[in-house]
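Structure first, commentary second.
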Amino acid sequence: MKDNKINTNRLRVNKFVYLIVFFLFIILGVSLVYRCLADYKVNDLMFSEFIANRNIKEEVIMPLRGTIYDSKGDVLAQDVSSYTLIAYLDEDRDDRVIDKEGTALALSKLIDTSYDRILELLNKDAYQVEFGTGGKNLSQLEMEEIKKLNLPGIDFIKSVKRYYPNGDFASYIIGYTKKKDVTVEIDNITKTENVLVGELGLEVKYDEILKGVNGYTRYQQDRYGVKIPDTKEETIQAIDGADIYLSIDSNIQRILENAIDESLEYDPEWMTISVMDAKTGDILGS
């Protein structure tokens, strides 16, 4: 009798366990079907959008900031490009540096870095390397000279800075810019970019006109962030900022600034001088 009761209890327990497992499988199955068919959010993106864009790379194309000219067409403020030299070393990249000695020898003739130092950098266990001060702030011409060598694994990072050819000339009128992290939006996806922003004078007053409109390029990438060959690429070009032409005559402006500098020996509390064209009302210097 005891054996029968024990077997009956075991049968009931086994049925209970089987029912629990059966219901767990049903719950997991329903959850799997839901995840496959339903659309829900993943990291603030709908799941369908996340799947569609999981290997899509989007890069912002920043426009050139508009140039500021004086009344004669001489440049008072403009964007200039500079480049930082980099080398890809990762073994999984097809476009990595292959001939390290030959690359070091070729680069040592074009940048202010010794052959030994370049070779030391190229032998590092790293994904990519830069070349210190000798490989930074390269001009367009210097970048093109290096590019002509067609060295595998050698690339450039482009940056833009604001250039004022006359130094602090008319500085309170022209103003200046500063690089800031700004949020930009591409197809409802927000990114942070380091861009030039007006801080003083005309640079800030007409910032919206000068800064232009962002563009972007979109392509498929592999796990290393490299564009997959023969895949679709979409590019919308940036629209550069509008140029501004001032009524300021640089020669007259210099005369006024020199006059103010010379008057400082008299310790004035404040001083302002302006020159206006009597016929048109244009301000020629201030």
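The values are calculated or read from the model by the stated rules, or taken from the named source; none is laboratory data. It should be emphasised that the depicted structure is a prediction, and the values quoted were computed from it without experimental measurement. Ideal geometry is used to build each Cβ from the backbone, glycine not excepted, and the neighbour counts take in all protein chains shown. Surface accessibility is based on the protein's heavy atoms, side chains included, excluding ligands, DNA and RNA. Shrake-Rupley method; radii C 1.70, N 1.55, O 1.52, S 1.80 Å.
Does region 230-286 hold any residues that are among the acidic types (Asp, Glu), in contact with a strand residue (DSSP E or B) (Cβ under 6 Å, 6 or more places away or on another chain) and open to solvent by 60 Å² or more (accessible area, probe 1.4 Å), and which are they? Within region 230-286, Glu233, Glu234 meet the criteria.
Within region 135-180, the residues that satisfy the criterion of being within 25 Å of the chain's Cα centre (by Cα) and among the hydrophobic types (A, V, I, L, M, F, W, C) are Leu138, Leu141, Met143, Ile146, Leu151, Ile154, Phe156, Ile157, Val160. Is it true that some residue in region 72-83 is modelled with pLDDT under 95, exposed (fewer than 14 other Cβ atoms within 10 Å of the Cβ), among the aliphatic types (A, V, I, L, M) and under 22 Å from Ile157 (Cα atoms)? Yes; the residues of region 72-83 include at least one that is modelled with pLDDT under 95, exposed (fewer than 14 other Cβ atoms within 10 Å of the Cβ), among the aliphatic types (A, V, I, L, M) and under 22 Å from Ile157 (Cα atoms).
Pairing residues of region 112-123 that are farther than 12 Å from Gly102 by Cα and touching a residue at least 24 places away in the same chain (Cβ under 8 Å) with residues that are among the hydroxyl-bearing types (Ser, Thr, Tyr) and open to solvent by less than 80 Å² (accessible area, probe 1.4 Å), at Cβ distances under 9 Å and at least 6 apart in sequence or on separate chains, gives Leu121/Thr113.
Can you tell me which residues in region 58-100 are among the acidic types (Asp, Glu) and in contact with a Phe, Trp or Tyr (Cβ under 9 Å, 6 or more places away or on another chain)? Matches in region 58-100: Glu58, Glu59, Asp70, Asp79, Asp90, Asp92, Asp95.
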